[in-house]
1. Here are the criteria: (1) within 14 Å of another protein chain (Cβ to nearest Cβ); (2) farther than 24 Å from B:Asn208 by Cβ. Tell me which single one B:Val108 does not satisfy.
2. Which ones in the range A:140-175 are without any contact (Cβ under 8 Å) to a residue 40 or more places away in the chain and assigned to a helix (DSSP H, G or I)?
3. Being hydrophobic (A, V, I, L, M, F, W, C), within 7 Å of chain A (Cβ to nearest Cβ) and within 18 Å of the chain's Cα centre (by Cα) is the filter here, so list the residues in the range B:254-280 that pass it.
4. In the range A:187-221, how many are crowded, with 19+ Cβ neighbours inside 10 Å, in contact (Cβ under 8 Å) with a residue 40 or more places away in the chain and among the aliphatic types (A, V, I, L, M)?
5. For the subset of the range A:79-125 comprising residues that are among the small types (Gly, Ala, Ser), crowded, with 19+ Cβ neighbours inside 10 Å and more than 8 Å from every other protein chain (Cβ to nearest Cβ), which member is nearest to A:Asn33 (Cα to Cα)?
6. Only one of B:Val88, B:Val12, B:Val84, B:Val98 is at pLDDT below 90, within 14 Å of another protein chain (Cβ to nearest Cβ) and assigned to a helix (DSSP H, G or I); which?
7. Find all pairs meeting these conditions: Cβ atoms under 8 angstrom apart; at least six residues apart or on different chains; first residue within the range B:153-177 and within 18 Å of B:Ile196 (Cα to Cα); second residue of a type in the set (Gly, Ala, Ser) and crowded, with 19+ Cβ neighbours inside 10 Å.
Amino acid sequence: MTQQILNAIFIGSIYALFAVGYTLVFGVLDVLNLAHSAVFMLGAVITYSLVALHGMPFLPAAVIAVLVCGLLGLLIEFVALRPLRRRNAPPISALISTIGLALIFVAIVEQANPGSFFSWLWQDGANSVRFPAGAVPNPTFHVLGLTIEGTKLLILITAVVLMLVLGYVIRFTQLGRALRAVAENRRAATLLGIQVDRIFASTLFLSSALGGLAGLLFGLAISDISPYIGRDQVELKGLAVIVLGGMGSIPGAVLGGYLLGLIEVLAFVRFGSNVEAGVAFAALFLVLVIRPQGLFGARLRERL
Amino acid sequence: MDFFIQLFTDPVGFYNQHELLIAQIGINAILAISLFVTFYSGQLSLANAGFMAIGAYTTVILSLYLPLPLPVNMLIGAVLAGLVGLMVGLPVLRLRGVFLAIATIGFVEALRLGVILNVPITGEGQGLKNPTADPLGGILPILVSLPILAYIVWRLTRARLGQAWAAIREDELAASSNGINVPLYKMIAFIIGAVIAGYAGALETHINFFVDPTEYGVTRTIQILTFAVVGGTTNVFGPIVGAVFLTALPEIVRQFASYRDVVNGIILILVIIFRPQGIVGRGGLALIRPKWLPASWSARERPASAL
């Protein structure tokens, strides 16, 4: 059981990292960025491609992948979101245009075979791969009868450190103040001289970099990298997490991530894997119906 | 190009060669109509794949265990989807916009992963074999149902009901202060959408030999949404045009067949940015005007659409 709870913490860290990016965009832009899961997938795919196809050591590969994912966030902003803002479209439109981008990202990876146009990025089509053995050192620790893999420990530490850093940035830096101001009231922020478009771009960069990082950590820990990991593993569970925590609330997303990890593990232990798969969505549905502001009672106006 | 040459010079041969495609176009068009109904009343509900699953499974389970005629089974499937629509709609329709979309996604996945995978009668995720499947005979009911459903929905959107939906879509508060019973009309739209989606699911099982739970996930719902959005949601013909166009596209442009999702994604983004009223729908392009273009180039009128 203790081992199961450890697993819950690891998977919860990934959910939390992913959901923090999701919820950040929703909080600041009022837009649900459904391309976030595709960026998550690309984080894992790019790292894998740098390590396995281009022979790069893991750490620099991971850093490059995270930066590339951040740039993809800018792409999302400039292609799918900014034009819609310019014509004052309702928020549902942005939901649909980001779905379009997600379709494109996933299809590009899924169709990439040796000899095709994107073979430098991915060569395994729709198949699932894992990092080559030895590419990432993975010492195993035995503490008090528990088995802890080095990669999972790395994930936990990275997630916690990054979320603390993010919390610091949001609360105490100039950028964070601007973010919160824009989230609170876009027009007032403009009047105060904040360059709203620039804040939106930074938000997308930050959010997508976190999403890509979550993806590569997922690929590392679960040993499953495929074009579908974003769509199948975290896209909808990420939604469940940010709904549990209250849409747009960053602490809520962190707590929600760990909570979902815990709920899933408990459901798995108690009822088996078929129930585990559905429990996130049942929770999502129930929370939206009974308590739309999220479990932790974040007031909708005060979200970051 | 061959596609069109054959369509116009040899329609019978074309029909025989593309039966499956035609059936799929019909199903997709009906599904797009089902999404259109809720969308027309201003609600983005993504529950359609779930209602489809209910219609499909009900029909197949009934024909496995009860000696009823197939049309009756299909109708029961559609009605049951409507009943579930009522039960889901009661709590969910209080939510708006993105929240409604998320809640209905939750419903679809909870139904698929939580119920279908765990209830023995549905084959627990292994899927079900359909004893009454008839791929060729199944096309006719689809082709008959599509125009009938389109006509009914078209009449509904022109009637008082449709006017109420349009009023709610444009401004919920104004609609309710003018005496429109907003929750009631939203619920009617939701249930009609559910019944049509359930019916489409039942029709689809008739042309497949197998009911596969993976067919009824969020991917399917998003596909349906794409049809409706690309075709346009100002009237009922938009979704049909969108479904026909996007389903036939990979057949028309064979070179891109494996990159169909890339093409779909690009079309979706271009439509939502430049033509939010869809292919069918009045008005020109909602041009995002670069500074050097004269102002007369951008569409001035806001198109009548929820997007």
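The values are calculated or read from the model by the stated rules, or taken from the named source; none is laboratory data. Keep in mind the model is a prediction, meaning the values are calculated, not measured. Because the Cβ atoms are built from the backbone with ideal geometry, glycine has one as well, and the counts that use them run over all protein chains shown.
1. (2)
2. A:Gly150, A:Leu153, A:Ile157, A:Val161, A:Leu164, A:Val165, A:Tyr168, A:Val169, A:Arg171, A:Phe172, A:Gln174, A:Leu175 - these are the residues of the range A:140-175 that are without any contact (Cβ under 8 Å) to a residue 40 or more places away in the chain and assigned to a helix (DSSP H, G or I).
3. We begin by selecting, within the range B:254-280, every residue hydrophobic (A, V, I, L, M, F, W, C); these are B:256-257, B:262-263, B:266-274, B:279-280.
Still in the running and within 7 Å of chain A (Cβ to nearest Cβ): B:262, B:266, B:268-269, B:272-273.
Residues satisfying the conditions are B:Leu268, B:Ile272.
4. Residues in the range A:187-221 being crowded, with 19+ Cβ neighbours inside 10 Å, in contact (Cβ under 8 Å) with a residue 40 or more places away in the chain and among the aliphatic types (A, V, I, L, M): 11 in total.
5. As a first pass, look at the range A:79-125 and keep what is among the small types (Gly, Ala, Ser): A:80, A:89, A:93-94, A:97, A:100, A:102, A:107, A:112, A:115-116, A:119, A:125.
Add one more test, that the residue is crowded, with 19+ Cβ neighbours inside 10 Å, and what stays is A:80, A:89, A:93-94, A:97, A:100, A:102, A:107, A:112.
This time we only want the ones that are more than 8 Å from every other protein chain (Cβ to nearest Cβ), so: A:94, A:112.
On the way: A:Ala94: 8, A:Ala112: 25 Å.
The qualifying residue nearest to A:Asn33 (Cα to Cα) is A:Ala94.
6. On the way: B:Val88 fails: at pLDDT below 90; B:Val12 fails: within 14 Å of another protein chain (Cβ to nearest Cβ); B:Val84 fails: at pLDDT below 90.
Residue meeting the stated conditions: B:Val98.
7. Once the first residue is within 18 Å of B:Ile196 (Cα to Cα) and sits in the range B:153-177, its partners that are of a type in the set (Gly, Ala, Ser) and crowded, with 19+ Cβ neighbours inside 10 Å give B:Leu156/B:Gly162; B:Trp165/B:Ser41; B:Trp165/B:Gly42; B:Trp165/B:Ala189.
This table checks each residue for (1) more than 11 Å from A:Tyr15 (Cβ to Cβ); (2) within 14 Å of another protein chain (Cβ to nearest Cβ).
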{"residue": "A:Leu206", "(1), (2)": "yes, no"}
{"residue": "A:Leu213", "(1), (2)": "yes, no"}
{"residue": "A:Lys237", "(1), (2)": "no, yes"}
{"residue": "A:Val254", "(1), (2)": "no, no"}
{"residue": "A:Ala277", "(1), (2)": "yes, yes"}
